[in-house]
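Every number here is computed from the coordinates shown, using simple stated rules; none is lab data. Keep in mind the model is a prediction, meaning the values are calculated, not measured. So basically every Cβ, Gly included, is an ideal-geometry build from the backbone, and we count neighbours across all protein chains shown.
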Amino acid sequence: MNKTSKLHMTTDEFRKQGYKVIDWLVEYYENIEDYPVLSQVKPGEIRSNLPKDPPIKGRSYNDILSDMDIMMPGMTHWQSPNFHAFFPCASSGPAILADMIATGTGIVGMLWETSPSCTEVETHVLDWLVDMMGMPEKFKSSTNGGGVIQDTASSSTLISLIGAREYSSNGEFNSIATKSKLTSYVSSHSHSSIEKAVKVAGLGKNSLRVIEADEAFAMKPEKLKEQIEIDILDGYIPTFVCASVGTTNTTAMDPILEIGKICKKYDIWLHVDAAMAGAAALCPEFRYLQDGLEYASSYTFNPHKWMLTNFDCSVLFIDDRNKITSAMSVVPEYLKNKGSETGEVIDYMDWSIPLGRKFRGLKLWQVINYYGIEGLQKYIREDVDNTQKLKAWIERDDNFEIVAPVPLNLICFKHKKGSEFNRRLHEAINQTGKLYITRTKINDEYILRFSIGQTTGTINHIRKSWKLIQKIAEEID
Ligand code: PLP
């Protein structure tokens, strides 16, 4: 981009169109409640409205921006205050603007040398998080450990598993393709990304042991220990345990402290997946959820979920960076450089699967600086508070029942008329376009999940949504 190009967008036009895009986004956020939360289009509908062939000659940017009118009906509005599906993926002004700067400057921080700020801001801000959330000191860059930003918790878990794989096999798995005896352990409520990581890491799905959960849907440590001992007797090498802080189904909390002691005894890598719930540790009163984190070799949570740092931004902390870099590092001639040779810098390419890396640390930098610790705590506390209010309303209605503990910002509940009724209720709710919730299965029953954490949401939105759920339940009765 420059002032006079005939081919590229000029800087003057970029300025003009940039303001227009910001205006477009402002209008989007101001009117977001007018759109159906869950897109109501049929498969193929959006594509059928797109031109069959690419243009031979370029089009004006005004024209291109108007294509959003075709795409809008196919958007599910994740930032709507009435989006209560999955877990939040909360956006914020500073995160959006930081992402614009990261994209706009177009830097790629694969090596320290290719943009020192990209690396150093990332390292600095992740050290801040360790203090802000009361995590063990071993996750700081001043120790052997440290943090790194990944795209998603799935990648964070995969990298941890690869580290564990090499740790358990003394680095042999990477060099010799042998039939794996390495086993991994999850609870029956862990996220599907762990099974995927096991498959991608080449350990074989059959090496994954699914440990029974208790009545609060948390992993039973005694069952974990039992399975580990059986596996050792059978000649397997227990390698990786993934404990969850806040499962996707119900925000169940695996007992990390007890699990950690077992991992220590058998020298097994403990990975803690706190993808959504981890952000709660911003508030001292929720730090009990990470008791035992000192036993973890790796820990991940997603600021892009419940910490206002637009998708994508998952943070991964490792107690010993060498466990990751020795498993991941490949340095061909063209990546060698003076900075790396000093041995004084971090090259995050050795901590991630992709070589190229965006300046994601800037999002975290701007979010933390804009809100301050107090602002972030206020946001989390308000959501937890609102969740408790909704819980009380549901408890007051004899037709409904809450089916799992509610430690943070998710409520799992059902109508007492049974699974088929809940399935119909769920579909009818989402078809209104006024609200979007998801479902899960607990003890073989169809359960409704209502998740809270929208930047734009207030208690009034939640009250309105609850009244709508009650009304629809009466109508389909
Ligand atoms: N782990 C847990 C507990 C989750 O809830 C999720 C997603 O909601 C994930 C992992 C996967 O997250 P990501 O989409 O960042 O891979």
**Message:** Using Cβ counts within 10 Å as a stand-in for footprinting exposure, how do THR309, THR248, THR11 rank, fewest first?
**Reply:** THR11, THR248, THR309
**Asked** At what distance in angstrom do the alpha carbon centres of the range 150-165 and the range 79-148 lie from each other?
**Response** 16
**Fill in**
Under 14 Å by backbone N from the virtual spin label 7 Å along Cα-to-Cβ at MET132, the residues of the range 346-380 are 361-380
**Fill in**
With the convex hull built on the alpha-carbon atoms of the range 108-366, volume per residue in Å³ sits at 116
**Request:** Using θ = phi - 60° and the Karplus relation 6.51 cos²θ - 1.76 cosθ + 1.60, list the HN-Hα couplings for the range 225-233 in order, rounded to whole Hz, with x at every Gly or Pro.
**Result:** 4, 4, 5, 4, 5, 4, 5, 4, 4
**Asked** Which lysines have a Cα lying under 23 Å from the Cα of LYS305, excluding residues fewer than 8 positions away in the same chain?
**Response** LYS140, LYS196, LYS358, LYS363, LYS378, LYS389, LYS391, LYS434, LYS441
**Message:** Once the cut-off is 21 Å, how many percent of the Cα-Cα pairs in the range 329-477 end up in the long-distance tail?
**Reply:** 59
**Complete:** In this structure, the FRET efficiency calculated for ILE230 and LYS441 from their beta-carbon separation, with R0 = 35 Å, to the nearest 0.05, is 0.80
**Check: the range 155-310 dipole with +1 on Lys, Arg Cβ and -1 on Asp, Glu Cβ, in debye** = 440
**Request:** Determine the shape class of the chain: with a ≥ b ≥ c the square roots of the Cα gyration tensor eigenvalues, call it rounded for a/c under 1.5, and otherwise prolate if a/b is greater than b/c, oblate otherwise.
**Result:** oblate
**Prompt:** Out of the range 328-363, which GluC sites (Glu not before Pro) are coil in DSSP terms and have no more than 12 other C-beta atoms within 10 Å?
**Reply:** GLU344
**Message:** Order these by the 10 Å Cβ neighbour count, fewest first: SER244, SER207, SER187, SER141.
**Reply:** SER141, SER207, SER187, SER244
**Net dipole in debye of the chain [+1 Lys, Arg Cβ; -1 Asp, Glu Cβ; about Cα centre; nearest 20]** = 860
**Asked** Say the dipole of the range 108-366 comes from +1 at the beta carbon of Lys and Arg and -1 at that of Asp and Glu; which of SER193, THR119, LEU282 then lies farthest toward its positive end?
**Response** SER193
**Item:** For the chain, calculated [θ]222 nm from helices alone, where every DSSP H run of n ≥ 4 adds -39500 (n - 2.57)
**Value:** -13000 deg cm²/dmol
**Message:** Shape verdict for the range 37-189, please, from the Cα gyration tensor: rounded (a/c under 1.5), prolate (a/b greater than b/c) or oblate.
**Reply:** prolate
**Prompt:** Can you work out the FRET efficiency for the pair ASP67 and ILE101, with r the C-beta to C-beta distance and R0 = 22 Å, to the nearest 0.05?
**Reply:** 0.35
**Request:** Round to a whole angstrom and tell me the spacing of the C-alpha centers of the range 192-252 and the range 422-474.
**Result:** 31
**Item:** Segment ILE402-ASN174, length gained on full extension (0.36 nm per residue, minus Cα span)
**Value:** 77.4 nm
**Asked** For the residues MET110, MET75, what sequence is obtained by ranking on other C-beta atoms within 10 Å, fewest first?
**Response** MET75, MET110
**Complete:** Quick calc: nm separation of the 7 Å Cα→Cβ label points for LYS199 and ILE373 -> 4.2
**Request:** Tell me the label-point distance for the pair LYS336, ASP53, using the 7 Å Cα-to-Cβ offset, in nm and rounded to one decimal.
**Result:** 5.0
**Item:** Relative contact order (%) - criterion: Cα under 8 Å, at least six apart; region: the range 309-371
**Value:** 39
**Complete:** With 0.36 nm assigned to each residue of separation and the Cα-Cα distance removed, HIS8 to ASN144 gains 44.3 nm
**Request:** Loop only per DSSP, at most 16 neighbouring Cβ atoms within 10 Å: give me the trypsin sites (Lys or Arg not before Pro) in the range 415-449, ordered by residue number.
**Result:** LYS416, LYS417
**Message:** So for the range 108-366, averaging the separation of alpha carbon pairs under 8 Å that are six or more residues apart and normalising by length, what relative contact order in percent results?
**Reply:** 28
**Asked** Along the range 343-352, what does the Karplus equation 6.51 cos²θ - 1.76 cosθ + 1.60 (θ = phi - 60°) give for ³J(HN,Hα), rounded to whole Hz, x for Gly and Pro?
**Response** x, 9, 10, 9, 10, 5, 4, 7, 10, 9
**Item:** Residue among GLN377, SER340, LEU355 farthest towards the positive dipole end of the range 327-379, charges placed on Cβ
**Value:** GLN377
**Fill in**
Of the candidates PHE413, LEU233, MET9, the farthest towards the positive dipole end of the chain (Lys/Arg Cβ +1, Asp/Glu Cβ -1, centred on the Cα centre) is MET9
**Request:** Starting from the Cα of ASP34, step 7 Å toward the Cβ, then list every residue of the range 69-87 with an amide N under 19 Å from that point.
**Result:** 69-83
**Fill in**
Cα-based Rg then Dmax for the range 27-104, in Å, read 15.3, 43
**Prompt:** Looking at the chain, what % of its DSSP beta bridges pair antiparallel, to the nearest 5?
**Reply:** 55
**Request:** With an 8 Å cut-off on Cα pairs and a minimum separation of 6 or more residues, tell me the relative contact order of the chain in percent.
**Result:** 21
